[in-house]
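Report on the following structure.
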Amino acid sequence: MPESRRRKNRNAGDQQLNDPKSPLNSAEQFSVEGLDGEDESLPAWYRVTMFGLMIVGLLWLIIWYVTSGALPINAAGGWNIIIGFSIAMVGFFMTMRWR
C-alpha cells in the first residue's frame, strides 16, 4: 500500500532533525530549573482591600438606587453614581497586580 504525501513529509521532517548538518544539533537546550513560577504572592491585606473596594462600590450603587437617591449622600445627588463606580474601579485596577 503506498504511503500518503502527508506521511512522507512527516518522515522527511524527522530525518531532517537527525541530519548531522542541521543547525538544530548545535543549539543549546533550554532549562527551566532556575525559574520560579510564583516567587512572590500578594499579601492577604491586598486581596481583602481589593475585593472590599469592589463590594463597597457595588453596595454604594445598590443603596443609591434602592433609596431613590436619599442615601448614602443625599447632597451628592447624581454624583453618587460616580462615587460608587470610582470606588469599585479602584478595586478592579488593583486586580492588575493579581498573581
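Just so it is clear, none of the values below were taken in a lab; they were calculated from the coordinates. Not measured: the values here are computed from a predicted model. Glycine gets a Cβ as well: all are built from the backbone with ideal geometry, and neighbour counts include every protein chain shown.
Which residues in segment 71-99 have a backbone N closer than 18 Å to a point placed 7 Å from the Cα of R47 along the Cα-to-Cβ line?
91-99
Please turn the phi angles of segment 55-62 into ³J(HN,Hα) values with the Karplus equation 6.51 cos²θ - 1.76 cosθ + 1.60 (θ = phi - 60°), one per residue in order, whole Hz, x for glycine and proline.
6, 4, x, 5, 5, 4, 5, 5
V66 to M89: extension gain in nm, 0.36 nm per residue of separation minus the Cα-Cα distance? Walk me through the intermediate numbers first.
Values: separation 23, 0.36 × 23 = 8.28 nm, distance 2.11 nm.
Answer, rounded to one decimal: 6.2 nm.
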